[in-house]
Amino acid sequence: MNPKKPHLLKVITPVDSSFILKGDPIPWDNPWHYHPELELILCIRGKGTNFVGNDIRSMEEGEILFLGTNLPHTRQRDRIFYKSNPGETPESIVVQFNADFLGKGFFETPEFLHVKELNDRAARGIKFTGNTSADVHEKLTAMIRSDKTQRLIGLLGILDLLARSEEYEYLNGTGYVSDAHLKNSQKINRVYEYTIMNFRKPVDLVDIASLTNLSVSAFCRYFKTRTRKTYVQYLTEVRIGYACRLLGEGQFDIGQVAYESGFNNLSNFNKQFKKIMQTTPREYGSRMREF
């Protein structure tokens with residue numbers, strides 16, 4: 001299997017349940033994949049690496065990850081550790097469910113709109129920490145021992161808890177291309193859509209501001225108020241997100257990746273890439289080809 005090209009994984013739901021709840025030891029050959037189902041992961045114990053979208057980081061015991069629809073991901077064992085410690089086995093609990101597993105429009109009811117927003121935000125991949133992580137750990141462990149009805153009630157309780165939590169971080173920035181349209185206002189949507197269509201070439205703030213019928217200075221204030229970052233920061237994240245995909249595919253050298261991603265200066269590309277991804281383009285490409 002070529003890990004650079006994620007493949008569609010067919011998730012088969014049991015005939016007597018509307019979602020999947022299972023223990024997951026993380027198989028040795030865990031491919032780079034995606035699927036339409038959302039996925040909630042509890043790492044009980046394990047050593048290895050999580051690859052989620054553009055993000056690469058070590059597993060942490062007790063971590064809770066929530067991955068959105070069609071977000072490419074894989075979890076890889078630390079092969080050296082487990083071959084040296086054959087008695088050790090990673091352990092996780094995984095929940096997979098379709099966005100409309102309780103019926104189309106269920107999460108659009110007033111009582112569950114916050115959960116729908118959570119599901120949308122999960123397109124970037126979310127890691128939950130602190131008391132939230134500990135509470136979900138306890139609830140997932142209880143779900144494993146429960147009957148079908150209590151499992152469903154438990155899942156809804158977990159989604160409600162996650163949707164209200166402030167103890168989280170995104171695994172991918174707003175520049176992750178598949179997430180570019182998951183925004184709230186039509187005015188901002190026009191900006192995101194234009195950016196995704198044009199980020200490979202020079203982008204003029206005058207043109208961007210005109211999409212919102214605002215002056216450049218007013219647009220800059222508007223954008224930062226709603227995103228907590230400048231438009232230039234957002235544009236850079238989009239370009240770096242695309243560069244990550246090209247590096248993973250391995251078809252271009254770093255200079256070509258920089259050019260294809262909208263950078264006309266290799267030094268600036270390397271600087272911005274390391275600032276956002278905390279690693280160099282070369283190191284990132286190498287790690288994506290490790291598994």
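Just to check your reading of the model, which residue among Pro90, Pro72, Pro86 is more than 26 Å from Glu138 (Cα to Cα), in contact with a Gly (Cβ under 7 Å, 6 or more places away or on another chain) and not aliphatic (A, V, I, L, M)? Spell out how you get there, then give the answer.
Working: Pro90 fails: more than 26 Å from Glu138 (Cα to Cα); Pro86 fails: in contact with a Gly (Cβ under 7 Å, 6 or more places away or on another chain).
Exactly one of Pro90, Pro72, Pro86 is more than 26 Å from Glu138 (Cα to Cα), in contact with a Gly (Cβ under 7 Å, 6 or more places away or on another chain) and not aliphatic (A, V, I, L, M), namely Pro72.
Look through Glu61, Glu37 and report the one residue that is surrounded by fewer than 20 Cβ atoms within 10 Å (Cβ to Cβ) and at negative phi. Give the steps one after another, and end with the answer.
On the way: Glu37 fails: surrounded by fewer than 20 Cβ atoms within 10 Å (Cβ to Cβ).
Among Glu61, Glu37, only Glu61 is surrounded by fewer than 20 Cβ atoms within 10 Å (Cβ to Cβ) and at negative phi.
Can you name the residue in the range 28-43 that is part of a loop (DSSP other than H, G, I, E, B) and not hydrophobic (A, V, I, L, M, F, W, C) and is also modelled with the lowest pLDDT among such residues? Spell out the reasoning first.
The first filter runs over the range 28-43 and keeps only residues part of a loop (DSSP other than H, G, I, E, B), leaving 28-32, 35-37.
The next check asks that each one be not hydrophobic (A, V, I, L, M, F, W, C); those that pass are 29-31, 35-37.
On the way: Asp29: 79, Asn30: 84, Pro31: 85, His35: 92, Pro36: 93, Glu37: 95.
Ranking the qualifying residues of the range 28-43, first place goes to Asp29.
Filter the range 161-189 down to residues that are in contact with a helix residue (DSSP H, G or I) (Cβ under 9 Å, 6 or more places away or on another chain) and loosely packed, with under 14 Cβ neighbours inside 10 Å and give me whichever is modelled with the lowest pLDDT. Before you say what the answer is, go through the steps one by one.
Going residue by residue through the range 161-189, those that are in contact with a helix residue (DSSP H, G or I) (Cβ under 9 Å, 6 or more places away or on another chain) are 161-168, 170-185, 187-188.
With the extra rule that they be loosely packed, with under 14 Cβ neighbours inside 10 Å, the set shrinks to 164, 166, 181, 184-185.
Numbers: Arg164: 97, Glu166: 95, His181: 40, Asn184: 43, Ser185: 52.
So the residue we want is His181.
What single numbered condition from (1) farther than 24 Å from Gly248 by Cα; (2) assigned to a loop (DSSP other than H, G, I, E, B) fails to hold for Leu21?
Leu21 satisfies all of (1) farther than 24 Å from Gly248 by Cα; (2) assigned to a loop (DSSP other than H, G, I, E, B) except (2).
Could you please let me know if Arg239 is charged (D, E, K, R), surrounded by 16 or more Cβ atoms within 10 Å (Cβ to Cβ), touching a residue at least 12 places away in the same chain (Cβ under 8 Å) and out of contact with any strand residue (DSSP E or B) (no Cβ under 7 Å at 6 or more places or on another chain)?
On the way: charged (D, E, K, R): yes; surrounded by 16 or more Cβ atoms within 10 Å (Cβ to Cβ): yes; touching a residue at least 12 places away in the same chain (Cβ under 8 Å): yes; out of contact with any strand residue (DSSP E or B) (no Cβ under 7 Å at 6 or more places or on another chain): yes.
For Arg239, the condition - charged (D, E, K, R), surrounded by 16 or more Cβ atoms within 10 Å (Cβ to Cβ), touching a residue at least 12 places away in the same chain (Cβ under 8 Å) and out of contact with any strand residue (DSSP E or B) (no Cβ under 7 Å at 6 or more places or on another chain) - is met.
Give me the residue from the range 217-229 that is under 16 Å from Thr195 (Cα atoms) and at pLDDT 90 or above and, out of that set, surrounded by the fewest Cβ atoms within 10 Å (Cβ to Cβ).
By that ranking, first place goes to Cys220.
Among (1) under 13 Å from the mean Cα position of the chain (by Cα); (2) part of a strand (DSSP E or B), where does Asn70 come up short?
Checking Asn70 against (1) under 13 Å from the mean Cα position of the chain (by Cα); (2) part of a strand (DSSP E or B), the one that fails is (2).
Might you check whether a residue that is more than 20 Å from the chain's Cα centre (by Cα), within 27 Å of Glu193 (Cβ to Cβ), without any contact (Cβ under 8 Å) to a residue 12 or more places away in the chain and outside the structural domain of Gln76 (by TED's automatic domain parsing) occurs anywhere in the range 269-291?
no
List the residue pairs whose Cβ atoms are under 8 Å apart, where the first residue sits in the range 110-121 and is more than 16 Å from Phe97 (Cβ to Cβ) and part of a helix (DSSP H, G or I), the second is of a type in the set (Asp, Glu) and at pLDDT 95 or above, and the two are 6 or more positions apart or on different chains.
Qualifying pairs under 8 Å: His114/Asp160.
In this structure, is Thr141 in contact with a His (Cβ under 9 Å, 6 or more places away or on another chain), within 23 Å of Glu61 (Cβ to Cβ) and either in the same structural domain as Gly48 (by TED's automatic domain parsing) or not in a loop (DSSP other than H, G, I, E, B) (or both)? Steps first, please.
Numbers: in contact with a His (Cβ under 9 Å, 6 or more places away or on another chain): no; within 23 Å of Glu61 (Cβ to Cβ): yes; either in the same structural domain as Gly48 (by TED's automatic domain parsing) or not in a loop (DSSP other than H, G, I, E, B) (or both): yes.
No: the conditions fail for Thr141.
The values are calculated or read from the model by the stated rules, or taken from the named source; none is laboratory data. In this text the structure is predicted, and so the values were computed from the model without any measurement. Note that we place each Cβ from the backbone using ideal geometry, even for glycine, and neighbour counts take in every protein chain shown.
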